[in-house]
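For reference, the structure discussed in these notes is given below.
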Amino acid sequence: MQRRTLALLAGFATIAAVMPLAPQAMAQTASITGAGSSFVNPVYQRWGEDAKAQGIQLNYQSVGSGAGVNQIKNRTVDFGASDAPLTAEQLAEAKLVQFPTVMGSVVPIVNLPGVEVDQLRLTGEVLADLYAGRITKWDDKRIADLNPGLKLPSIAVAPVYRADASGTSFVFTSYLAAVSPAWKSGVGAATSVKWPAGAGARGNEGVAGTVHNTRGGIGYVENAYATQNKLTTVQLRNHDGQFVKPTMESFAAAAASANWNVPGMAASIIDQPGANSWPIVSPTFVLLPTNPENADRSRAVMRFFDWAYSKGGDAANKLEYIPLPAAVQNQARATWTQVMADGKAVWNQ
């Protein structure tokens with residue numbers, strides 16, 4: 001699959017200055033552990049490889065957002081990763097601080113004989129009805145009317161969803177709830193929902209693999225999984241009524257309108273206005289204890305993401321993630337002063 005990648009948006013181009021680190025912190029090699037979101041796993045693995053030269057060894061487990069939240073609450077990892085942000089009350093109760101690291105996009109994928117990449121057009125309402133079991137054949141009139149001239153196979157629809165508690169599911173169901181009143185009232189939006197139809201698979205990896213092996217399959221994955229595995233994506237009708245392809249241009253158009261001045265920096269980028277905007281874009285978040293058991297390891301986590309903000313943008317772009325604007329990176333850095341040990345802020349000691 002050929003996709004164009006953009007340089008950083010003009011508003012994203014300024015690289016934030018790296019906050020100074022104590023000489024002893026820079027000289028040490030640190031091992032850090034994280035767990036959670038599979039949505040962000042491709043870029044975290046790439047950043048982990050690149051950060052080895054900076055003296056940071058990352059062990060990140062792609063176990064799903066729900067498991068990542070549980071693990072950081074239980075303090076079995078140094079940081080948790082979730083695409084579903086916690087509320088201010090949840091953060092306070094668990095003694096956690098939350099900050100975004102990068103933005104990504106969820107894309108529907110299909111396995112339909114004779115249908116090529118981005119040929120099929122769907123609306124959010126039709127997508128919701130496919131997952132609700134109200135549309136059961138791919139040559140259904142509602143799909144055919146959106147795709148004049150495209151030969152649709154007369155085969156059964158086979159929805160695939162996340163079987164684990166998933167931030168990707170939270171993003172996808174948030175989109176379906178935003179565009180389909182029936183979905184909002186009947187199923188809702190959460191990391192885990194009662195899916196009306198289909199079969200479950202674990203992780204973005206599992207959904208991608210199951211759709212790839214299922215004739216008539218439809219699934220939803222973070223865009224990097226579709227790109228890397230050459231899966232068949234679709235066009236979606238956006239908030240402005242335009243059919244758009246899943247490209248870096250359409251992801252960036254949606255991301256540009258994000259409002260970060262909300263509790264927990266929990267910006268929503270679902271179904272944003274704009275003729276070129278892809279409708280399912282989301283930040284992903286890291287959770288850190290405000291009362292770390294090991295201040296050095298928490299400091300190393302912040303060093304890792306400080307480096308990723310400053311030096312990881314190109315790698316993120318190549319994987320078709322969207323780096324945060326420099327001002328948002330600095331806003332995230334400011335949250336790190338909430339991480340305290342012995343009554344002192346851990347960051348920048």
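What residue, among those in region 294-319 that are in contact (Cβ under 8 Å) with a residue 60 or more places away in the chain and of a type in the set (Gly, Ala, Ser), is surrounded by the most Cβ atoms within 10 Å (Cβ to Cβ)?
Residue satisfying both the conditions and the ranking: Ala308.
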What helices (runs of 4 or more DSSP H) lie completely within region 1-113 and have 1 or more residues being at pLDDT 95 or above?
41-51, 65-73, 88-94
Within region 256-270, tally of residues that are in a loop (DSSP other than H, G, I, E, B) and under 15 Å from the mean Cα position of the chain (by Cα):
4
Could you identify the single residue in Asp78, Asp50 that is under 23 Å from Leu324 (Cβ atoms) and surrounded by fewer than 22 Cβ atoms within 10 Å (Cβ to Cβ)?
Asp50
Go through region 223-241 and count every residue that is buried (at least 20 other Cβ atoms within 10 Å of the Cβ) and either assigned by TED's automatic domain parsing to the domain that holds Gln329 or under 22 Å from Ile143 (Cβ atoms) (or both).
8
Only residues that are surrounded by 20 or more Cβ atoms within 10 Å (Cβ to Cβ) and assigned to a loop (DSSP other than H, G, I, E, B): list them for region 320-346, please.
Glu320, Tyr321, Pro323, Leu324, Pro325, Val339, Val346
Does region 242-254 contain any residue that is touching a Gly at 6+ places or on another chain (Cβ under 7 Å) and either surrounded by 17 or more Cβ atoms within 10 Å (Cβ to Cβ) or not assigned by TED's automatic domain parsing to the domain that holds Val126 (or both)?
yes
Scope region 192-226; condition out of contact with any helix residue (DSSP H, G or I) (no Cβ under 9 Å at 6 or more places or on another chain), touching a residue at least 60 places away in the same chain (Cβ under 8 Å) and either of a type in the set (Lys, Arg) or not in a loop (DSSP other than H, G, I, E, B) (or both); matching residues:
Arg202, Val211, His212, Arg215
Which members of region 143-155 meet the condition of being assigned to a loop (DSSP other than H, G, I, E, B) and small (Gly, Ala, Ser)?
Gly149, Ser154
Is it the case that region 156-175 has a residue that's among the acidic types (Asp, Glu), outside the structural domain of Tyr321 (by TED's automatic domain parsing), part of a loop (DSSP other than H, G, I, E, B) and touching a residue at least 24 places away in the same chain (Cβ under 8 Å)?
yes
Check whether at least one residue in region 271-284 is under 30 Å from Pro108 (Cβ atoms), more than 20 Å from the chain's Cα centre (by Cα) and not in a strand (DSSP E or B), and report yes or no.
yes
For the list (1) surrounded by fewer than 19 Cβ atoms within 10 Å (Cβ to Cβ); (2) in contact with a Lys or Arg (Cβ under 8 Å, 6 or more places away or on another chain), I need the number of the one condition that Pro181 fails.
(2)
Based on what the data block shows, is Ala94 among the small types (Gly, Ala, Ser) and in the same structural domain as Thr33 (by TED's automatic domain parsing)?
yes
So which of Ala189, Ala253 ends up being more than 25 Å from Pro113 (Cα to Cα) and in a loop (DSSP other than H, G, I, E, B)?
Ala189
Would you check if there is a residue in region 276-293 being surrounded by fewer than 21 Cβ atoms within 10 Å (Cβ to Cβ) and within 23 Å of Val117 (Cα to Cα)?
yes
Looking at Val102, is it under 21 Å from Trp260 (Cα atoms), in contact (Cβ under 8 Å) with a residue 12 or more places away in the chain, crowded, with 21+ Cβ neighbours inside 10 Å and in contact with a Leu (Cβ under 7 Å, 6 or more places away or on another chain)?
yes
Return yes when Ser310 is in the same structural domain as Pro113 (by TED's automatic domain parsing) and either over 30 Å from Gly114 (Cβ atoms) or under 16 Å from the mean Cα position of the chain (by Cα) (or both) and no when it is not.
no
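The values are calculated or read from the model by the stated rules, or taken from the named source; none is laboratory data. Since this is a predicted model, take the numbers as computed values, not measurements. Glycine also receives a Cβ, built like all others from the backbone with ideal geometry; neighbour counts cover every protein chain displayed.
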